[in-house]
Amino acid sequence: MSGQILTGPALPLGRGGPVPETAAPAFPDALLDRVRGPADLRGLTAAELRGLAAEIRELLVEVVTRVGGHLGPNLGVVELTIALHRVFDSPRDAIVFDAGHQGYVHKLLTGRRAEFALLRQAGGQSGYPSRAESPHDLVENSHASTALSYADGLTRAFAGKRGKRHVVAVVGDGALTGGMCWEALNNIAVSGRPVVVVLNDNGRSYAPTAGAVGSHLAHLREDAGGYHLSVFESLGMSYVGPVDGHDVGALEAALGKARALGRPVVVHCVTTKGKGHPPAERDEADRLHTVPPANAERPAGPTWTSVFAREVVELGRRRPDIACLSAAMLRPTGLQAFAEEFPERTHDVGVAEQHAVTSAAGLAMGGLHPVVAVCSTFLTRALDQVLMDVALHALPVTFVLDRAGVTGDDGPSHHGVWDLSLLQAVPGLRIAAPRDGEQLRALLGEAVRVDGPTALRFPRGETGPAVPRLRAEGGVDVLYESGRRDVALVTVGPMALPGVRAALRLGERGTGVTVCDPRWVSPPSPALVDLVARHRVVVCVEDGVRVGGVGARLAQAVRDAGHDTPVHALGLPAEFLPQGPRADILRRHRLDAVGLAKTITALVEGDHSRGADPAAEAEVPHPRGRGGDARPRSGR
């Protein structure tokens, strides 16, 4: 079957048996309402399956355009997911989606139709596969290129156990640009175990798939005579396809053949991202990969990403040594305009953050200043490369971390709350956190002038109003101060505005607060340490986890300088946070102006029972051995 597009009526190879061709009937009841689980799919006729696919697409468009989410990828896998659940016996047979962007149809076919209207809502259904929702979901996978490794481990675990269990990994061609896929294939190909790799090939990740993988798959798609040997066959795997990914009958035939082989096999399915929804099919940018909620307000002002996008182009015009790298996300991270103006200085490496970072190290060794723009949550995939390939060599690489802090509806795997804690351990790395759009422009300019590694982090959404400084002290911006030095409130990045508002509230109650923005938040500058030590109490607030955060490091710096001023670190708990609006999550953890004012009042009064969380303090041993007592005191 190599090199031939498989189409036509279904063969009696899948668990569902042959699909008889009949005239399309009029359905008095919605077909999707009759599907309460995968078993209900197996008695449907070919015409009913076509009707079901149409209903699913209609529901996807209706719900996703209303609540927001991943539309294009799911429209492209409707028939493929139906065929998977007719041929394989989930959850006994393990089906792992890589990434979970294409998991909505799977949810609808595994008993979650009723809850689908609450997709991505606070307390509602996850926008990705979720182990808490269903036994059919094994992997809460929203980071790409991991499914094959999961599949390798699952088949090892299933080996030798009673009864044959298949493992199916649904992998997009975009995910196949990630190195983990090839590390896993290196093991799977020689294992002899029944791993079915379903290659969902739509020629895209967000944009068209970058690199040699995309070119090779294009050759296979175009090679009707089967003259090209696939790379998978060269590795020793079986290969079935290419198969029309929108023909349920052909898909069942191919998947049934793969299932019967009982060894590692790739089923190459050719699909269309955004299939059946003309606005998605016509969208050249990303086939409506994601859409915002219908009631989402258009940004009244510039977004953090748009400010970065404009400023990096301006820097590129003045600095021919600046080059930009993306891991398959040029447009989402704001690099599209730079790529259009400076294509020779823009490098999209595919879903490969580790490679992006070390490639940037090579660019820096060659005399350039690379800017690596990634979502905060994805840089954690390349921490070793940041540490050993960039920082160890003190190379001038700037990491721009979009969607830092709480990101909202994408949920636990996408909140960018770990970057500060992880990156602060990297020797020589300086970290900046702009409080507004003006500071983003200024700090980006400063970062690319540093002869060493830097990172710049900012959240998702609008920049909001500018927060002016009253004065500068040794590179620290003082944003608000009163006559009394009761509290030094150190704000990290966008926490400046709620910090100033909290200080105004506290001032009305007689508490004197100095609000200061370090701008370069790590490592703490001597000027910041000296400034805060002149107050009775120091409070640091950040939108990252407080374990190992900026507040914890500031507390250590204050103690190391010989000061006894208590330092309290306010931030997020070291937990996987649920989906929900950023403002709501920050409010829930008392990181809004009202919550900060209440917490600081309790700290100043020394009464934890009145609202402060004792665990919020940074417990740091004193360098002279007086222990970790950082309890609030009435004075220094």
Charged-residue dipole, Cβ positions (Lys, Arg, Asp, Glu), the stretch 174-315 about Cα centre, Debye nearest 20: 380 debye
Segment His219-Arg485, extension gain: residue separation times 0.36 nm, minus the distance between their alpha carbons: 88.8 nm
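Hydropathy at least 0.5 by Kyte-Doolittle, axial extent at least 27 angstrom from the Cα trace: which helices of the chain, defined as entire DSSP H runs, fit?
Numbers: long enough: 46-67 (31 Å, 0.69).
Helix filter hits for the chain: 46-67.
Sorted by mean Cβ packing within 10 Å, highest first, what order do the peptides 306-316, 400-410 take?
On the way: 306-316: 19.7, 400-410: 25.1.
Most protected by this proxy first, the peptides run 400-410, 306-316.
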Part-to-part distance (alpha-carbon centres) for the stretch 449-523 and the stretch 535-582, which is given in Å: 14 Å
Net lengthening on full extension, Ala39/Glu340 (0.36 nm per residue, minus Cα-Cα): 103.4 nm
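May I ask you to derive the relative contact order of the stretch 439-557, considering only C-alpha pairs under 8 Å and at least 6 residues apart, and to give it as an integer percent?
Computed over the stretch 439-557, the figure is 25 percent.
Sum up the charges of everything whose Cβ sits under 10 Å from the Cβ of Pro292, counting Lys and Arg as +1 and Asp and Glu as -1, but leave Pro292 out.
Working: positive: Arg298; negative: Glu297, Asp409.
Net charge around Pro292: -1.
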Sequence of Thr305, Thr398 from largest to smallest accessible area, 1.4 Å probe: Thr305, Thr398
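Please state the shape class of the stretch 65-179: rounded when a/c is under 1.5, otherwise prolate if a/b exceeds b/c and oblate if not, all from the C-alpha gyration tensor. Before the final figure, lay out each step's value.
Details: a/c = 1.82, a/b = 1.44, b/c = 1.26.
Judged from the Cα gyration tensor, the stretch 65-179 comes out prolate (a/c at least 1.5, a/b above b/c).
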Eligible aspartates and glutamates near Lys598 by straight Cα distance, threshold 18 Å, same-chain separation 8 or greater: Asp486, Glu508, Glu542, Asp543, Asp584, Asp607, Asp613, Glu617
Relative contact order (%) - criterion: Cα under 8 Å, at least six apart; region: the stretch 408-509: 25 percent
Extreme residue, positive dipole direction of the chain, given options Ala157, Gly437, Ala502 (C-beta unit charges): Ala502
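Sort 210-220, 565-575 by packing, meaning the average of other beta carbons within 10 Å per residue, with the highest value first.
Listed from highest to lowest mean packing, they are 565-575, 210-220.
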All lysines inside 22 Å of Lys275 as judged from Cα atoms, apart from same-chain residues fewer than 8 positions distant: Lys107
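Express in nm, to one decimal, how much length is gained between Arg471 and Arg282 on full extension, taking 0.36 nm for each residue of separation and deducting their alpha carbon distance. All intermediate terms of the calculation are to be shown ahead of the outcome.
Numbers: separation 189, 0.36 × 189 = 68.04 nm, distance 5.16 nm.
Working it through step by step, the gained length comes to 62.9 nm.
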Length-normalised contact order of the chain in % [C-alpha pairs under 8 Å, at least 6 apart]: 11 percent
Residues of the stretch 229-244 with amide N under 18 Å of a point placed 7 Å along Cα→Cβ from Ser191: 232-240
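Heavy atoms only, probe 1.4 Å: what % of the accessible area of the chain goes to carbon and sulfur, would you let me know?
Working: 12770 of 24180 Å².
It is 53 percent, rounded to a whole number.
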Solvent-accessible area of Ile188 with every protein chain in place, 1.4 Å probe, in Å² to the nearest 10: 0 Å²
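Using a simple charge model, +1 on the beta-carbon of Lys and Arg, -1 on the beta-carbon of Asp and Glu, nothing else, what dipole does the chain show about its Cα centre, in debye to the nearest 20? Numbers along the way, then the final one.
Values: 68 positive and 70 negative charges, 295 e Å.
The calculated dipole for the chain is roughly 1420 debye.
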All lysines inside 22 Å of Lys257 as judged from Cα atoms, apart from same-chain residues fewer than 8 positions distant: Lys164
Burial order of peptide ranges 362-375, 83-96, 239-252 (average beta-carbon count within 10 Å, highest first): 239-252, 83-96, 362-375
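The values are calculated or read from the model by the stated rules, or taken from the named source; none is laboratory data. Everything numeric here is computed off the predicted structure, so don't read it as measured data. In this analysis, Cβ positions are derived from the backbone assuming ideal geometry, glycine residues included, and neighbour counts consider all displayed protein chains. Areas reflect the complete protein model, heavy atoms only, side chains present, ligands, DNA and RNA absent. Shrake-Rupley method; radii C 1.70, N 1.55, O 1.52, S 1.80 Å.
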